[in-house]
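Inspection log for the structure reproduced underneath, given as structure tokens.
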Amino acid sequence: MNSPTNTTLPQRRTCGPSASERVQEPLAKGMRSSKIQDRHRERLAIVYVRQSTPQQVQERTESRIRQYDLAAHAVALGWAADRVVVIDEDQGSSGQSADHRAGFKRLLAEVTMDHVGLVLGLEMSRLARSSKDWHHLLELCAVFGTLLGDQDGVYSPTDTNDRLLLGLKGTMSEFEAVTMRNRLDRGKWNKAQRGELFIAVPHGYVRAADGRVMLDPDEQVQTAVRLIFYTFAEKGSVYGTLHTLVRNGVTLGIRASHGTRLGELQWRRPNLSTLFRVLHHPMYAGAYVYGRQTVDRKRPRDANGRSVSRRVPRSEWAVLIREQVPAYITWEQYEANQNRLLQNQCRADKTGVARSGSALLSGILVCGTCGRRMQTHYRHTHRPFYFCVRHLEQAREQVCRGVAGVPLDELVVRQVMTALEPAAIELSLRVIEDGRREREQLDTHWRKRVERARYDAGRAERQYAAVEPENRLVARTLEQRWEEALKATRQVEEEYDRFVRQTPPELPANERERIVALSTDIPALWNAVGATNADRKEIIRGLVERVVIQVHADSEAVDATIHWQGGFTSQHEILRPVATYKQLRDNDRLRARVVELQGKGTTAAEIARTLTREGFTPPRRCNPFSKEQVWQLLVRFGLTRKRDVETLNQDEWWLSKLASELKVPLLRLRDWVRKGWVHGRQTPHQKLWIAWADADELDRLRRLAAVSVHGASSYPPELTTPNRKPR
Ligand SMILES: [Zn+2]
């Protein structure tokens, strides 16, 4: 009786014969190989396809076809067609380590999950670009008993001889790659030393058929380039140059460096980066330079897996040959420009590190209109202000608006502190707990599916075993059904493995305790005596990835979206100081309330207090309503006349003016008016005091003031009786 483990699955040839024939010959050794056993064939055969650059993907079609043919060959080696998986995600991704190659990572994952019987690739050792990756794959394949195969044969990493061979192949492949790169580099280097290696020429230059570099034959292109240098010399800044060029409608002629329109002129609006490139490039001064940039190995590769380069200081340039190409400016002018750019740079605030300024969100605040990182500016009051520099960078009209720093900072700090409150932490932990429960349910579901598939396979086996051997036709059908059930089981088991791998593990108990402890530690650190702004910024950055704000021109409301670390976002709104009442959200309500209070005969000071109590704020938001602001409002609404000099009659004084004239406190003078010692009247709406004093009166009041300085308990009546006021 057959047991499930040594069942040979039917060999189906689904791929075209021409494809499989092409690689059949070199793999013939593998076919005969006794290394391939049923336990290998039960598992997947993975064909790993890769081409290092997109160009190679386009050009080396032949090699790619050969790689895909390996799928057909896996079938020829005894794998069912639906058990052959082609991994080709890494097409066109270069890079010498596995960090950015999703396909290679997936290959390793499948091997570690014990799903793979054979890994096939064209020139196996080149499959992993670095020796380190290759040995890693080798180790894993040895542990899980996975075979490796290429056009030369099939190898078992557990076999000593094979392993030696595989190791050698890896080493040789890497050696070959390094030698080739060195040879290429040496060739390039020799050419560069002669000043003849041009990878690309900057705009304003073209390369002739014989490799020589010359000025762009188009006069207008040349003029535009000269205009950049001329304007920079005049304005002294790149921003100033950009704005001038844009204002005057200057466009730069750029020649397409690739594609179907190669070499064709395109007229583009200048932008900052182009101007910087032109001003920094020594070629415009006629110099040939090689090695202005180098790969920065300390920095991780970017999101596309490309290495990051850094500028090399001039003293370290590998090659600098002056007067090698036609020039737009002199070398002295170039030097002067570099100095100027360096001086300008000192003002730029670009670094992403947390600094000691009081604006807590600098570096993580993003403009919601254009997506740029917002800059921080400390105004004359030392209060931070966040603003977007898009209009400066692109020399366009300003559409993105800035916002005062304090209300926004306060909002984010409040949210961060709320997130760290024990109740919030508890809630988060409960969400994790819920996630765990959900995972458990899914896990049960998966296990049931696996169980069910195994049961089906078992039943198919029993049915097959029960049939009489004479009844061949039935037996064959049942055998086929049994094989299919086994295959289905295997597939469900593999999917279950992937599920287990993909769902996050649950939180260990000590992690949980640590999280709870942090919820008290961080606020304590925040409020610690020695905590600096830089510390606080680090705390915020620990929790908040970025904050996106959308400022609306006609409203005081600002939408703020906090993107928390871990992917969660929350929406908020803050009110910003605005310039006019019209921008206030509750302007109508404010107006109605002022009209209502004024109608009741309430004084301006009282209205101001009431408005403040009811939560109204004036546009600038910096302080509560003052009496003066209420007057302004009353004037604006046409409820009172302006306080102006025309309302004063002859010899009349505003009380404050008279007080300063007599050098007595205002309150004392008002007291005298109330006592009837001075003639006075009140304005009808604002109830301001106006006093009357002609020259004689002034003389009397001066004497009265002189007596009052000494704090007299009683005053002579001639000093306290006002003169008759003329009608
Ligand atoms: Zn913007």
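The values are calculated or read from the model by the stated rules, or taken from the named source; none is laboratory data. The model shown is predicted, which means the values in this text are computed figures rather than measured ones. Note that each Cβ is placed from the backbone with ideal geometry, even for glycine, and that neighbours are counted across all protein chains shown. Keep in mind that these areas ignore ligands, DNA and RNA; they rest on the heavy atoms of the full protein, side chains included. Shrake-Rupley method; radii C 1.70, N 1.55, O 1.52, S 1.80 Å.
Every listed requirement among (1) over 19 Å from Ala80 (Cβ atoms); (2) open to solvent by 40 Å² or more (accessible area, probe 1.4 Å); (3) touching a helix residue (DSSP H, G or I) at 6+ places or on another chain (Cβ under 8 Å) is met by Tyr455 save one, (3). For the subset of segment 373-402 comprising residues that are surrounded by 15 or more Cβ atoms within 10 Å (Cβ to Cβ) and in a loop (DSSP other than H, G, I, E, B), which member is farthest from the ligand (Cβ to nearest atom)? So the residue we want is Ala395. Report the residue count in segment 215-242 for those that are within 33 Å of the chain's Cα centre (by Cα), open to solvent by less than 50 Å² (accessible area, probe 1.4 Å) and either of a type outside the set (A, V, I, L, M, F, W, C) or not assigned by TED's automatic domain parsing to the domain that holds Thr330 (or both). Here the count works out to 4. Out of all the residues in segment 404-415, is one or more under 28 Å from Pro270 (Cα atoms), in contact (Cβ under 8 Å) with a residue 60 or more places away in the chain, within 16 Å of the ligand (Cβ to nearest atom) and in the same structural domain as Arg546 (by TED's automatic domain parsing)? Looking for residues that are under 28 Å from Pro270 (Cα atoms), in contact (Cβ under 8 Å) with a residue 60 or more places away in the chain, within 16 Å of the ligand (Cβ to nearest atom) and in the same structural domain as Arg546 (by TED's automatic domain parsing), one finds none in segment 404-415, hence no. Pairs linking a residue in segment 421-437 that is surrounded by fewer than 13 Cβ atoms within 10 Å (Cβ to Cβ) to a residue that is assigned to a helix (DSSP H, G or I), with Cβ atoms under 7 Å and 6 or more positions apart or on different chains, are Pro422/Ser519. Name every residue in segment 458-475 that is assigned to a helix (DSSP H, G or I) and either open to solvent by less than 100 Å² (accessible area, probe 1.4 Å) or at pLDDT below 85 (or both), in order of residue number. Matches in segment 458-475: Gly458, Ala460, Glu461, Gln463, Tyr464, Ala465, Ala466, Arg472, Leu473, Val474, Ala475. The residue that is nearest to Thr294 (Cα to Cα), counting only those in segment 202-214 that are in a loop (DSSP other than H, G, I, E, B) and open to solvent by 80 Å² or more (accessible area, probe 1.4 Å), is Arg212. Candidates Ile432, Ile364: the one that is within 16 Å of the ligand (Cβ to nearest atom), in the same structural domain as Gln502 (by TED's automatic domain parsing), under 30 Å from Glu511 (Cβ atoms) and not aromatic (Phe, Trp, Tyr) is Ile364. Residues that are at pLDDT below 80 and either in the same structural domain as Ile425 (by TED's automatic domain parsing) or within 51 Å of the chain's Cα centre (by Cα) (or both) do occur in segment 479-501. When Glu596, Glu614 are checked against the criterion of being of a type in the set (D, E, K, R), open to solvent by 60 Å² or more (accessible area, probe 1.4 Å) and free of Cβ contacts under 8 Å to residues at least 12 places away in the same chain, Glu596 stands alone in meeting it. Against the numbered list (1) part of a loop (DSSP other than H, G, I, E, B); (2) modelled with pLDDT of 85 or more; (3) touching a helix residue (DSSP H, G or I) at 6+ places or on another chain (Cβ under 7 Å), Pro326 comes up short only at (3).
Need pairs with beta-carbon distance below 7 Å; first residue over 18 Å from Gly204 (Cβ atoms) and within segment 242-263, second part of a loop (DSSP other than H, G, I, E, B); sequence gap 6+ or separate chains. Close Cβ pairs satisfying both conditions: His243/Ala395; Val246/Arg269; Val246/Pro270; Val246/Ala395. Residues that are open to solvent by 40 Å² or more (accessible area, probe 1.4 Å) and more than 24 Å from Pro624 (Cα to Cα) within segment 564-581 comprise Gln565, Gly566, Gly567, Phe568, Thr569, Gln571, listed in sequence order. Screening Thr112 with (1) closer than 30 Å to Arg226 by Cβ; (2) outside the structural domain of Ser257 (by TED's automatic domain parsing) gives one miss only, at (1). For Thr369, the conditions (1) open to solvent by less than 20 Å² (accessible area, probe 1.4 Å); (2) near the ligand (Cβ under 10 Å from one of its atoms) all hold with the exception of (1).
Does Gln480 satisfy being over 30 Å from Leu361 (Cα atoms) and either within 16 Å of the ligand (Cβ to nearest atom) or of a type outside the set (Gly, Ala, Ser) (or both)? Considered against the rule, which asks whether it is over 30 Å from Leu361 (Cα atoms) and either within 16 Å of the ligand (Cβ to nearest atom) or of a type outside the set (Gly, Ala, Ser) (or both), Gln480 comes out as yes.
Checked against (1) acidic (Asp, Glu); (2) without any contact (Cβ under 8 Å) to a residue 12 or more places away in the chain; (3) under 30 Å from Ala553 (Cβ atoms), Glu393 meets all criteria but (2).
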